[in-house]
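Beneath this line is the structure, given in structure tokens, with notes to follow.
The values are calculated or read from the model by the stated rules, or taken from the named source; none is laboratory data. Quick caveat, the model's predicted, so the values are computed rather than measured. Please note: Cβ atoms are built from the backbone with ideal geometry, for glycine as well, and neighbour counts cover all protein chains shown.
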Amino acid sequence: MKSPIINRIDTVFLHVTDLKESVRWYSKLLAIEFNEDIQFEGPIHTFPMGKNRPGLTLDNHSFDEAYKFVPSNQPLFNLSTEDIDEAYEFVKSIGTEIVTEIARYPDLSDFSFKDPDGNILMICSCITEN
């Protein structure tokens, strides 16, 4: 049976409580310009993450009165870096809570931290063959 589902991820949803503050924080983390004049009534804001890559969509569920926010207690995706040490120092410099220190493996290094809502995120530096 042929599936009507396309083999592709278009966006990753991350649940937040305050959309404007979350957009401000993720903009700083990702070095994306933040415009104070934009109205953030919700429920979503999507960051483009590069050509042919899934977007990152922040969702505050502002139109869902029954929704109860629960932060993700494990990383659901990773962000990439070419320099794990520099990324770690940057994340610390913006006042972020570190969850795991840098772990180093032969082909990957990573660490985890929390966003302002307590969602756990991961940054990885992967060594790949060209």
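Within the range 54-68, restricting attention to residues that are loosely packed, with under 12 Cβ neighbours inside 10 Å and modelled with pLDDT of 90 or more, the residue that is farthest from Trp25 (Cα to Cα) is Ala66. Filtering the range 50-66 to residues that are touching a helix residue (DSSP H, G or I) at 6+ places or on another chain (Cβ under 8 Å) and under 13 Å from Ile9 (Cα atoms) leaves only Leu56. Taken over the range 1-12, the criterion of being touching a residue at least 12 places away in the same chain (Cβ under 8 Å) and outside any strand (DSSP E or B) is satisfied by Ile9, Asp10. Residue selection: Ser93 satisfies the criterion of being over 12 Å from the mean Cα position of the chain (by Cα), among the hydroxyl-bearing types (Ser, Thr, Tyr) and not assigned by TED's automatic domain parsing to the domain that holds Trp25. Would you confirm whether any residue within the range 15-26 is over 22 Å from Val91 (Cα atoms) and of a type in the set (D, E, K, R)? Checked the range 15-26: no residue is over 22 Å from Val91 (Cα atoms) and of a type in the set (D, E, K, R).
Taken over the range 1-27, the criterion of being in contact with a strand residue (DSSP E or B) (Cβ under 6 Å, 6 or more places away or on another chain), of a type in the set (S, T, N, Q) and within 18 Å of Asn52 (Cβ to Cβ) is satisfied by Thr11 alone. Pairs are defined by a Cβ separation below 7 Å, a sequence spacing of at least 6 or placement on different chains, a first member in the range 93-104 that is under 20 Å from Asp117 (Cβ atoms), and a second member that is small (Gly, Ala, Ser) and surrounded by 10 or more Cβ atoms within 10 Å (Cβ to Cβ); the pairs so defined are Val99/Ser112; Thr100/Ser112.
Every residue, every condition in (1) in a strand (DSSP E or B); (2) in the same structural domain as Ile127 (by TED's automatic domain parsing); (3) surrounded by 10 or more Cβ atoms within 10 Å (Cβ to Cβ), yes or no:
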site	(1), (2), (3)
Leu14	yes, no, yes
Ser27	no, no, yes
Gln39	no, no, no
Thr46	yes, no, yes
Ala87	no, yes, yes
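Looking at the range 48-85, which of its residues are of a type in the set (A, V, I, L, M, F, W, C), closer than 16 Å to Asn119 by Cβ and part of a loop (DSSP other than H, G, I, E, B)? Residues satisfying the conditions are Phe69, Val70, Leu76, Phe77.
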